[in-house]
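See structure below.
The values are calculated or read from the model by the stated rules, or taken from the named source; none is laboratory data. Treat the numbers as computed from the prediction; the structure is a model and nothing was measured. When we count neighbours, we look across all protein chains shown, and the Cβ atoms used for this are built from the backbone with ideal geometry, even at glycine. Side chains included, ligands, DNA and RNA excluded: accessible areas come from the protein's heavy atoms. Shrake-Rupley method; radii C 1.70, N 1.55, O 1.52, S 1.80 Å.
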Amino acid sequence: MDVRAIDALAEFIVETTENDIPPDSRERAWDCVLDAIGAAAAGFGQRSSASMRRAFAENTRSQPSSVWFDGATARLPAAAAANAMAATALDVDDGHRMAAGHPGAAAVCAALAAAEHTAPTRGEFIAAVALGLDAAVRVAMARNPDFHRSTVSGRWSGVGAAVAAAKLFELDSPSVANAILIAEQHAPRVSAAKHHGFAGSDVKEGIAWSVYTGLEAVPLAREGFKGYPNAFDQGILYDRDRLIAKIDEFESINGLFFKPYACCRWTHAAIDGAVSLVRKSEIEPASIEKISIGTFRQAVKISNLPAPTSESEAQFSIPFCVSLAILHGTKSLLPMDSRHLVDREVRRLAKRVQVSLDGEMAQLFPALAGAKVTIAHGSKCDSIRVEAPWGDPTNPMSRESLLAKFRQLTRFCLKGKRAEELIRDMFESKTAPASIGASLRAKFQE
């Protein structure tokens, strides 16, 4: 073995510039910036988001960065973690099927916080975002499933934060390598998540905390702190060849999905199928006797409570999300209104939803997160099969769809012309990225 995988990855990150990244990958990275900010705008008012802002309120000693929509600043890692908490609070942030998790909030929030101190060009900024996204997903996809049984995003999303910031702070290759190792080894484990069906907690897969530890890894590495060097080369924890395969093609970014609904991605195929059936067959909700959802094992194992008591529980319930979408339309999921938690009609219909394992859908996962939906109504029974819900790479949301989602999610935080100004800052103007994070703080103060 001539070169360690971590050294090859670090050298690639240091040497890669904007022009080395395919144009479609750069555009997808900008989509991730848009989507993460929109998700944070919608999640800003969540209790979990407010709790983390308060917890970090005194963490303002050096390198203050903007806490979005709050009119406040905090030390760079704390600000980025608080913003990432907002971006993940409603489960409406991007994800990657083969990584089985969410990289965008980590890479984007870290890059925007770091950009306030490094003043990068637009090209330098989006290269850092793209490299952060790519590195995080690569680490996730290289995991040995025999030793990494959990799909918790926080175990690898912090690598994206570390890489994005290390790139903007211009760390050398050995330091980037150690930043990645430290971020991986200091990552939150969140071992209890799968035992709770991922519901009922504000931890949200540890993504926000992984941003904090990932960003703390950057100054540690710069000061000579070292991680366990052979973590990616032993063949026990990771597949080193997969980590660095086709390293210059950025296939991981092209594999990102975006969410049209603020709930667990594993519910989306069922939602799309049920809503499509009701519309196509002109089914009256009152006539529905039973809804059968056949899906993959991981979706069966989320909490799936028909009568959730919190928004977090609702986000991980196929019966509740399907029923809410049927009765109130899919816009009721962007994001959810907590008042629907006590909606008797939604709860009544949710009790008629049965979720079970379908062997065919199980074989397709994780490449596809599909579902078979059957609705019995009156004397009829209609069925539909959905392999790729809206937003998957094979059924993508367009830039216009993402902009519509952004406007919907930011309608309370960025009133009037503010959302349109921010869109122009990202896609049309030559505004320096360093100003985007600061404007997210200032715009809400006006």
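Let me spell it out: the conditions are (1) hydroxyl-bearing (Ser, Thr, Tyr); (2) open to solvent by 10 Å² or more (accessible area, probe 1.4 Å); (3) touching a strand residue (DSSP E or B) at 6+ places or on another chain (Cβ under 8 Å), and SER51 meets all of them except one. Which number is the exception?
(3) is the only condition that SER51 fails.
Considering every residue within the range 161-174, establish whether at least one is open to solvent by 10 Å² or more (accessible area, probe 1.4 Å), at pLDDT 95 or above and among the hydroxyl-bearing types (Ser, Thr, Tyr).
So in the range 161-174, the residues open to solvent by 10 Å² or more (accessible area, probe 1.4 Å) come out as 167-174.
Okay, now just the ones that are also at pLDDT 95 or above, so 167-174.
From the residues that got through so far, the ones that are among the hydroxyl-bearing types (Ser, Thr, Tyr) too are 173.
Yes: the range 161-174 contains one or more residues that are open to solvent by 10 Å² or more (accessible area, probe 1.4 Å), at pLDDT 95 or above and among the hydroxyl-bearing types (Ser, Thr, Tyr).
Within the range 335-349, which residues are within 26 Å of ASP35 (Cα to Cα) and touching a residue at least 40 places away in the same chain (Cβ under 8 Å)?
Passing the criteria: PRO335, MET336.
Please go through (1) closer than 20 Å to ALA419 by Cα; (2) touching a helix residue (DSSP H, G or I) at 6+ places or on another chain (Cβ under 8 Å) for ASN19 and return the number of the only condition it doesn't satisfy.
(1)
Inside the range 299-334, can you point out the residues that are open to solvent by 40 Å² or more (accessible area, probe 1.4 Å), touching a residue at least 60 places away in the same chain (Cβ under 8 Å) and over 18 Å from PHE198 (Cα atoms)?
Scanning the range 299-334 gives THR330, LYS331.
If we keep just the residues of the range 265-277 that are touching a helix residue (DSSP H, G or I) at 6+ places or on another chain (Cβ under 6 Å) and open to solvent by 10 Å² or more (accessible area, probe 1.4 Å), which is farthest from GLU311 (Cα to Cα)?
Keep residues of the range 265-277 that are touching a helix residue (DSSP H, G or I) at 6+ places or on another chain (Cβ under 6 Å), which gives 266-267, 270-271, 274-275.
Cutting the leftovers down to open to solvent by 10 Å² or more (accessible area, probe 1.4 Å) gives us 266, 275.
On the way: TRP266: 16, VAL275: 21 Å.
Restricting to residues being touching a helix residue (DSSP H, G or I) at 6+ places or on another chain (Cβ under 6 Å) and open to solvent by 10 Å² or more (accessible area, probe 1.4 Å), the top hit is VAL275.
If I ask for residues that are open to solvent by 40 Å² or more (accessible area, probe 1.4 Å), within 13 Å of GLY38 (Cβ to Cβ) and of a type in the set (A, V, I, L, M), which ones from the range 382-429 would you list?
ALA404
From GLN363, GLN408, GLN354, which residue is of a type in the set (S, T, N, Q) and within 20 Å of the chain's Cα centre (by Cα)?
GLN408
Every residue, every condition in (1) modelled with pLDDT of 95 or more; (2) open to solvent by less than 10 Å² (accessible area, probe 1.4 Å); (3) part of a loop (DSSP other than H, G, I, E, B), yes or no:
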| position | (1), (2), (3) |
| --- | --- |
| LYS194 | no, no, no |
| GLY200 | no, no, yes |
| ALA208 | yes, yes, no |
| VAL211 | yes, yes, no |
| LEU215 | yes, yes, no |
| ALA262 | yes, yes, yes |
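Run down ALA100, ALA130, ALA107 and say which single residue is touching a residue at least 40 places away in the same chain (Cβ under 8 Å) and touching a Gly at 6+ places or on another chain (Cβ under 7 Å).
Details: ALA100 fails: touching a Gly at 6+ places or on another chain (Cβ under 7 Å); ALA130 fails: touching a Gly at 6+ places or on another chain (Cβ under 7 Å).
Going through ALA100, ALA130, ALA107 in turn, the sole match is ALA107.
Filter the range 286-295 down to the residues that are more than 16 Å from CYS263 (Cβ to Cβ) and surrounded by 16 or more Cβ atoms within 10 Å (Cβ to Cβ) and list them by number. Walk me through it before giving the result.
Here is the first cut: in the range 286-295, the residues more than 16 Å from CYS263 (Cβ to Cβ) are 286-292, 294.
Residues satisfying the conditions are ILE288, ILE291, SER292, GLY294.
Looking at the range 95-106, is at least one residue in contact with a Cys (Cβ under 6 Å, 6 or more places away or on another chain) and crowded, with 24+ Cβ neighbours inside 10 Å? Give the derivation first.
Within the range 95-106, the subset in contact with a Cys (Cβ under 6 Å, 6 or more places away or on another chain) is 104.
Now narrow it down to the ones that are crowded, with 24+ Cβ neighbours inside 10 Å: 104.
Yes: one or more hits.
Only one of (1) in contact (Cβ under 8 Å) with a residue 12 or more places away in the chain; (2) open to solvent by less than 80 Å² (accessible area, probe 1.4 Å) is not met by ARG352, so which one is it?
(2)
Show me the helices (runs of 4 or more DSSP H) entirely contained within the range 82-192 in which 1 or more residues are of a type in the set (Lys, Arg). Steps first, please.
Values: elements: 104-118, 122-141, 154-168, 173-185.
Result: 122-141, 154-168.
Going by the structure shown, is SER66 assigned to a strand (DSSP E or B), touching a residue at least 24 places away in the same chain (Cβ under 8 Å) and surrounded by 24 or more Cβ atoms within 10 Å (Cβ to Cβ)?
Numbers: assigned to a strand (DSSP E or B): yes; touching a residue at least 24 places away in the same chain (Cβ under 8 Å): yes; surrounded by 24 or more Cβ atoms within 10 Å (Cβ to Cβ): yes.
It is true that SER66 is assigned to a strand (DSSP E or B), touching a residue at least 24 places away in the same chain (Cβ under 8 Å) and surrounded by 24 or more Cβ atoms within 10 Å (Cβ to Cβ).
Restricting attention to the range 109-160, and to residues there that are of a type in the set (Phe, Trp, Tyr) and buried (at least 24 other Cβ atoms within 10 Å of the Cβ), which single residue is farthest from the chain's Cα centre (by Cα)?
So in the range 109-160, the residues of a type in the set (Phe, Trp, Tyr) come out as 125, 147, 156.
Applying the additional criterion that residues be buried (at least 24 other Cβ atoms within 10 Å of the Cβ) yields 125, 156.
Values: PHE125: 19, TRP156: 12 Å.
Selected residue: PHE125.
Across the range 24-51, what is the total count of residues that are part of a helix (DSSP H, G or I) and either under 15 Å from the mean Cα position of the chain (by Cα) or within 15 Å of THR410 (Cβ to Cβ) (or both)?
Filtering the range 24-51 down to residues part of a helix (DSSP H, G or I) leaves 24-43, 47-51.
Of the ones still in play, those that are also either under 15 Å from the mean Cα position of the chain (by Cα) or within 15 Å of THR410 (Cβ to Cβ) (or both) are 28-43, 49.
Qualifying residue count, the range 24-51: 17.
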